[in-house]
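Presented below is the structure to which this report refers.
The values are calculated or read from the model by the stated rules, or taken from the named source; none is laboratory data. A quick note: this is a predicted structure, and the numbers were derived from the prediction, not measured. Please note: Cβ atoms are built from the backbone with ideal geometry, for glycine as well, and neighbour counts cover all protein chains shown.
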Amino acid sequence: MRLRVLFESAKEDAALDLIKTTIAGTPFENKVYIAGGFVRDEIMGRASKDIDLVIDMDNGGIKFAVWVCKRLGIYKENSNPVVYPRFGTAMFTFRGVTHIGQDLSGLDIECVMPRAEENEIPDNRKSIVIKKTSMKGDALRRDLTINTLYKNVSTGKILDLTGKGVHDIKNGILRTPTKADDTFGHPKFGDPLRMLRVLRFAARYGYEVDRGVLDAVKRNASRLKNISNERIRDEFIKMLISPRPVEAMDMLVETGLIDYVLPELKQLIGLEQGIYHNKDAYGHTMDVLAATQPRAVLRLAALLHDIGKPVVRTPHDRKKYEFLQHEKVGEELTDTILRRLKFPNDTIKAVKTLVRRHMGLRAGRQGKLSSKALRRFARKCGSDEMLQDALALMQADYEAHPGADPDEFNRIRDQYKAITSTAAQPLSQRQKVVNGHDIMKTFNIPPGPMIKTMLQYAQDLYDEDPATDKETIMIKLKEKFNPNEDE
């Protein structure tokens, strides 16, 4: 089978042409295949950066990687290629190699033989022993039919060994190359993480998940508890930043996988809100999620911004329900959730800030938000980038309410530009004019609650007018507090 495909990356195209040229007339000719996602993306007309090669010979991945590095003069013992004998894989990197006008430096190529697991393995996948199998055997152990295609580097011929790969790409279908229960749970080649990959591909491409596959995900959902939180996190974040994050969350709930990814989200389903909402907390959260840009921190904050509501909801005569301090409780829950999923500390800090601040500003139709309030909010956000994310989250949250004014946050942004246009540095990055040591030294008082109170007042003065200098603030502190008036 030959297909007309689209290469959008000249660098990858040049690398594959170099490999084709290098293996011509050698034992590797017609034995080297581009595998999986790269071929899938070519057929879809998408660019792909990851070149994975399958070399159809015993221990082919390692043999080829060593051979090609020596042939191209880029071999370095224990460094290029990097070899993983236990898994039958190797990866080499082009270093200082140029071909048909393209500098290939830094491009990584992963190589493997057609392989199968020789022994039964636990779901944590830490005890794998690999053996060679046929090309079709390699295809059948993969996750989805759309990822089972191979392209002969020498001839350009596409191998569709399941007979379903090209069809499913063209028809937008997600199904497994063998029985779905085996794909997810077979004692030798099954991997429960593939259940998340199914949903992730559906969210990425808008493909329809085969009904039998979806049912198998439901049957095998509990297997996900044996997968590391790091692996779950990586698939989860790819769902969130996909073009269809709401569909991904809905499928997580439908299949029961949510219990092993983010069980707290289920508490929002059916949670009735106050008179200013026309959807339950889950539906509202999905509207906010859909309205945010596909960046990890912002999408995580959108998903978790109301996660504290089930904890604090109380009846209210006029509002029906109220959710006092839900943003504070949500911040605490966000910390717990993201640490459980092993997110890095900087991500956790950023998402917590957005969740805590998502109720921070409302200008109203007349745009009467005070400059002081905006300066204070910018400072609490910590950086201009965080401020812009907070505004984006608040806008998505606000506009998910009935009757929202679509221009409110444009007015806030215009106001922020106006008050920062003459500033030497962004408001959120300015240092305090007065600190605790200044106060203790000037007023000769020890550390204690009074210092915090005075610092807050000093900051209020500064937020009111950033031109206020230290001397003026000290005078006004003396006038208001006069801490030594009895002496």
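The test for being assigned to a helix (DSSP H, G or I), surrounded by 17 or more Cβ atoms within 10 Å (Cβ to Cβ) and without any contact (Cβ under 8 Å) to a residue 40 or more places away in the chain does not hold for Lys218. Restricting the range 410-432 to residues that are among the small types (Gly, Ala, Ser) and exposed (fewer than 15 other Cβ atoms within 10 Å of the Cβ), the residue that is modelled with the lowest pLDDT is Ala424. For the range 48-89, a residue qualifies if it is in a helix (DSSP H, G or I) and either outside the structural domain of Phe38 (by TED's automatic domain parsing) or farther than 16 Å from Leu18 by Cβ (or both), and the qualifying residues are Gly60, Gly61, Ile62, Lys63, Val66, Pro85, Arg86, Phe87.
Going by the structure shown, is Gln366 at pLDDT below 85, over 29 Å from the mean Cα position of the chain (by Cα) and not assigned by TED's automatic domain parsing to the domain that holds Leu303? If you could, list the steps in order and put the result at the bottom.
Working: at pLDDT below 85: yes; over 29 Å from the mean Cα position of the chain (by Cα): yes; not assigned by TED's automatic domain parsing to the domain that holds Leu303: no.
Spelling it out, it is not the case that Gln366 is at pLDDT below 85, over 29 Å from the mean Cα position of the chain (by Cα) and not assigned by TED's automatic domain parsing to the domain that holds Leu303.
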